[in-house]
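The values are calculated or read from the model by the stated rules, or taken from the named source; none is laboratory data. Keep in mind that this is a model prediction, so the values were computed, not measured. Using ideal geometry, Cβ is built from the backbone for each residue, glycine included, and neighbour counts are taken over all protein chains shown. Ligands, DNA and RNA are excluded from the accessible area calculation, which covers all protein heavy atoms including side chains. Shrake-Rupley method; radii C 1.70, N 1.55, O 1.52, S 1.80 Å.
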Amino acid sequence: MPTFPEGSYVSWDTWDGPATVEVMVVDKHHITYRSADDHREMVEATVFSSLAQNTADWRPATAEEIAAFKARFRPAPQNWD
C-alpha cells in the first residue's frame, strides 16, 4: 500500500510540469485528493490494478511545489467566478 498520509502533498510529472495535489483520505482501497481549485478525485484499487500500481508515479511534493499549490488554492465556492 502506498504511504501517502492524509494531509500530505504529492506530485507527479506531466507534459506541462508537475501536478501537485493534497491527499485528503487514505484507506486500504482508495486515496482521495484535491487539486488547487478544490476539485476532488479518487484513485482506487480494482481487480485489474492495485493502489500501488495506480500511484506508482506519485512522489512527495517538493517545498516549491507545495508553496505553488498553496498560492493557487481557492476553495469552492470562491473559485466559481
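The figures follow:
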read-out	value
Subset of segment 1-18 that is under 8 Å from the mean Cα position of the chain (by Cα) and of a type outside the set (S, T, N, Q) - its residue that is least open to solvent (accessible area, probe 1.4 Å)	Val10
Failed criterion for Val25 (all others in (1) open to solvent by less than 60 Å² (accessible area, probe 1.4 Å); (2) within 14 Å of the chain's Cα centre (by Cα) hold)	(1)
Matching entry among Ser50, Ser35 (being free of Cβ contacts under 8 Å to residues at least 60 places away in the same chain, under 19 Å from Ala63 (Cα atoms) and either surrounded by 13 or more Cβ atoms within 10 Å (Cβ to Cβ) or in contact with a Pro (Cβ under 6 Å, 6 or more places away or on another chain) (or both))	Ser35
